[in-house]
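Beneath this line is the structure, given in structure tokens, with notes to follow.
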Amino acid sequence: MELAMELSQIATLRRVLEIFCARHELEFADRPAIIAARELMKFADEGETDPAILERRLDEAMQTYGERMLPAQRAVASMGALPARHQ
């Protein structure tokens, strides 16, 4: 039963991360997305399981993260983890 709970939690975290990435036009490999994934895992470790609360906490955490970044870092982060990404 514990494994099923863990798999369900992983699926929830992935859905929340997918929503976050789509909203901010990020790929999973982009630095802000990786940071967001780490934040989500931290929230899950704290026992949070509600997707709506996870989304809200992630938005708050990433807003705080964005405010701490220097303008040049923000520009690089918004371009993604790979400076010369081909689409």
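Could you check region 13-28 and list, in sequence order, the residues that are in contact with a Leu (Cβ under 7 Å, 6 or more places away or on another chain) and either of a type outside the set (A, V, I, L, M, F, W, C) or farther than 16 Å from T64 by Cβ (or both)?
Hits for region 13-28 are L13, V16, L17.
So which pairs qualify, if the first residue must be in region 28-53 and of a type in the set (S, T, Y), the second must be in a helix (DSSP H, G or I) and at pLDDT 95 or above, the Cβ gap must be under 7 Å, and the two must be at least 6 apart or on different chains?
T49/T12
Could you check region 10-58 and list, in sequence order, the residues that are in a loop (DSSP other than H, G, I, E, B), more than 12 Å from the chain's Cα centre (by Cα) and surrounded by 13 or more Cβ atoms within 10 Å (Cβ to Cβ)?
E48, T49
Of all residues in region 49-77, which are modelled with pLDDT under 95 and either under 16 Å from A11 (Cβ atoms) or β-branched (V, I, T) (or both)?
T49, T64, V76
The values are calculated or read from the model by the stated rules, or taken from the named source; none is laboratory data. Since we're looking at a predicted model, the values are computed, not measured. Neighbour counts run over all protein chains shown; Cβ positions are idealised from the backbone, glycine included.
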